[in-house]
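Notes follow once the structure below has been shown.
The values are calculated or read from the model by the stated rules, or taken from the named source; none is laboratory data. Keep in mind it's a predicted model, so treat the numbers as computed, not measured. Neighbour counts run over all protein chains shown; Cβ positions are idealised from the backbone, glycine included.
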Amino acid sequence: MGRFLVLLFVVVPAIELILLIEIGQRVGTINTLALIVVTGVVGAWLARKQGVRTFARLRRDLGEGRSPAVPIIDGVLILVAAAFLVTPGVLTDVVGFLLLVPMSRRLIRRQLQRRFERAIRTGAVGVVASDVAGDGESWPPMKNVTPRGPGDRVH
């Protein structure tokens, strides 16, 4: 986790700064600032448009009784994309736009799903379903499930 934080808060901003200085020297300060503003505005617009579409899919899936996992993951990835796109920088813009492209988002979603499933298999992550609403129902509907207590590991 420490390496990830160093990467996130030291390495990425340093790379962004280097890229912005290089671009500024090649195309000028005004053009570089225009690039930052345009990518932020266009990225925010695209993220909003795709976010609305993803939210509609979430509502449709829930209404039809299907698992909302895909639209939820897509929504989180679109939110991350929006955060990257409004952050000044070239590297973060590239990653943000990649997260907005449905095909690349699908690949990232599959990779995340594989990692999560592996973590569950190895016991690094446990999954517990509960009746949050208190109405005896759960999602997905569960039958013949033995309730687990806090700290119980599921294998």
Only one residue in G65, G126, G149 is at positive phi and either modelled with pLDDT under 95 or assigned to a helix (DSSP H, G or I) (or both), so which one is that?
G65
Looking only at region 68-101, count how many residues are closer than 17 Å to L8 by Cα and outside any helix (DSSP H, G or I).
3
Just the residues that are small (G, A, S) and more than 24 Å from G24 (Cβ to Cβ), please, taken from region 90-113.
S104
Out of region 1-31, which residues are buried (at least 16 other Cβ atoms within 10 Å of the Cβ) and farther than 18 Å from F97 by Cα?
I23
